[in-house]
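Visitor: One structure follows; several queries about it will come next.
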Amino acid sequence: MFATKPGVRFVRPVVKSIGRNQILSCRSIPSCHYSTGAGGQGGKANHFLPLTLLGVAAVGLTYYNMNNNTKPPTPSIDPTSSTIQGSPLFPSEKYPEAINVVFVLGGPGSGKGTQCSKLVKDYKFVHLSAGDLLRKEKSTPGSEFGDLIDHYIKEGLIVPQEITIQLLKNAIVEQYDKGNRKFLVDGFPRKMDQALSFEKTVSEGKLVLYFQCPEEVMLQRLLNRGKTSGRSDDNLESIKKRFTTFIQTSMPVVEYFDDQHKVVKVDCNEPVDDVYNHVVSQFKEKNII
Ligand SMILES: Nc1ncnc2c1ncn2[C@@H]1O[C@H](COP(=O)(O)OP(=O)(O)OP(=O)(O)O)[C@@H](O)[C@H]1O
Ligand SMILES: O=c1ccn([C@@H]2O[C@H](COP(=O)(O)O)[C@@H](O)[C@H]2O)c(=O)[nH]1
């Protein structure tokens, strides 16, 4: 942990504002604060300092590692610690209606985005791709996490959960306020810490739609997509790293939900419409649609 200084304890990192440049902001969140020790700020919380320090330190470490060709940057908050605290946001006093969250998982290129688009069209789900949200944040001018996200994506690594969860939370709240309650959360959770934190602080996942796909098929699809996608990770080097991360880090999440009998598995290695028919029949069977 390097984003803190002696006598300063990071109590609750909360990303609140949907506004640009403010993905990590404690403003207007009474429970988000520092507790300061001697030499602190006289008991008055500075809501921006910790997050600024976190951002500066994370970006600094990213550059250091990139330039020194060493290990990837590590999150400045220990992801295994319970830094994300609280009760689920949905339902709660502020957001009284529960939301329906389906997690959509599968290896890179298994067809998650493709199938989500079809479900949105036919069944009015809101599709939230964690990868898309990260790419959007990355290209937001002035984002303090742009460089960090860029590095994690190219390396096929999982961005520290606080960033991704807050981006998702912001997007879900925005959609909730518009009356939407059904969400396909695509490409998330990719790591156990994300799964536990999201279910603890945002909402439980009703179901996991998991696309099983041979690596060779995914590889060909991604290389093909890479001809036009402009994505920094649709190249052979990044793809291999993404496969490794998927097997080592994301499969345990699928297994975790499988133990809870929440996973429906669909073979992705069929034409798009055939895959979709399987998805729809599984969703009907589980009363999701
Ligand atoms: N069933 C399918 N058959 C053939 N091609 C497919 C099929 N499903 C998706 N594709 C193509 O494969 C590529 C990857 O699909 P898609 O972007 O939906 O995957 P993804 O799982 O969302 O990938 P990522 O996790 O990398 O974002 C796209 O070019 C898409 O058009
Ligand atoms: O929860 C997440 C989801 C994604 N990432 C990073 O983004 C890329 C691309 O994700 P796609 O779903 O393929 O669009 C992924 O390889 C990760 O680097 C993440 O960190 N956390």
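Visitor: What number of residues within the stretch 224-249 satisfy the criterion of being near ligand 1 (Cβ under 9 Å from one of its atoms), under 20 Å from residue 136 (Cα atoms), open to solvent by 40 Å² or more (accessible area, probe 1.4 Å) and not β-branched (Val, Ile, Thr)?
Guide: Final tally of qualifying residues: 3.
Visitor: Evaluate the following for residue 184: is it in contact with a strand residue (DSSP E or B) (Cβ under 8 Å, 6 or more places away or on another chain), outside any loop (DSSP other than H, G, I, E, B) and in contact (Cβ under 8 Å) with a residue 40 or more places away in the chain?
Guide: yes
Visitor: Also, quick follow-up: Could you grab me the full set of residues in the stretch 153-179 that are touching a Leu at 6+ places or on another chain (Cβ under 8 Å) and within 16 Å of ligand 1 (Cβ to nearest atom)?
Guide: Passing the criteria: 153, 159, 164, 167, 168.
Visitor: Then there is this: Could you list, in sequence order, all residues of the stretch 119-137 that are over 17 Å from the mean Cα position of the chain (by Cα), part of a helix (DSSP H, G or I) and surrounded by fewer than 17 Cβ atoms within 10 Å (Cβ to Cβ)?
Guide: If the condition is that a residue be over 17 Å from the mean Cα position of the chain (by Cα), part of a helix (DSSP H, G or I) and surrounded by fewer than 17 Cβ atoms within 10 Å (Cβ to Cβ), then 120, 121, 122, 123 are the ones that fit.
Visitor: When the residues of the stretch 198-224 are narrowed to those that are within 22 Å of the chain's Cα centre (by Cα) and basic (Lys, Arg), which ends up farthest from ligand 2 (Cβ to nearest atom)? Explain how you work it out, then say what you get.
Guide: Kept after step one, since they are within 22 Å of the chain's Cα centre (by Cα), are these residues of the stretch 198-224: 198-213, 218, 222.
Filter once more, so that each one left must be basic (Lys, Arg): 200, 206.
Numbers: 200: 16, 206: 18 Å.
Result: 206.
Visitor: Inspect all residues belonging to the stretch 137-145 and state whether any of them is within 16 Å of ligand 1 (Cβ to nearest atom) and under 17 Å from residue 250 (Cα atoms).
Guide: no
Visitor: Let me ask you something else. Please go through the stretch 138-162 and give me each residue that is open to solvent by less than 30 Å² (accessible area, probe 1.4 Å), within 19 Å of residue 233 (Cα to Cα) and not in a loop (DSSP other than H, G, I, E, B), ordered by number.
Guide: 146, 148, 149, 151, 152, 153, listed by residue number.
Visitor: Of the conditions (1) touching a Ser or Thr at 6+ places or on another chain (Cβ under 6 Å); (2) open to solvent by 10 Å² or more (accessible area, probe 1.4 Å); (3) of a type outside the set (Phe, Trp, Tyr), residue 216 fails just one. Which one is it?
Guide: (1)
The values are calculated or read from the model by the stated rules, or taken from the named source; none is laboratory data. Just so we're clear, the structure is a prediction, and the values are computed from it rather than from any experiment. Every residue, glycine as well, gets a Cβ built from its backbone with ideal geometry; the counts of neighbours run over all protein chains shown. For the accessible areas, the whole protein counts, side chains as well, though only heavy atoms, and no ligand, DNA or RNA atoms are used. Shrake-Rupley method; radii C 1.70, N 1.55, O 1.52, S 1.80 Å.
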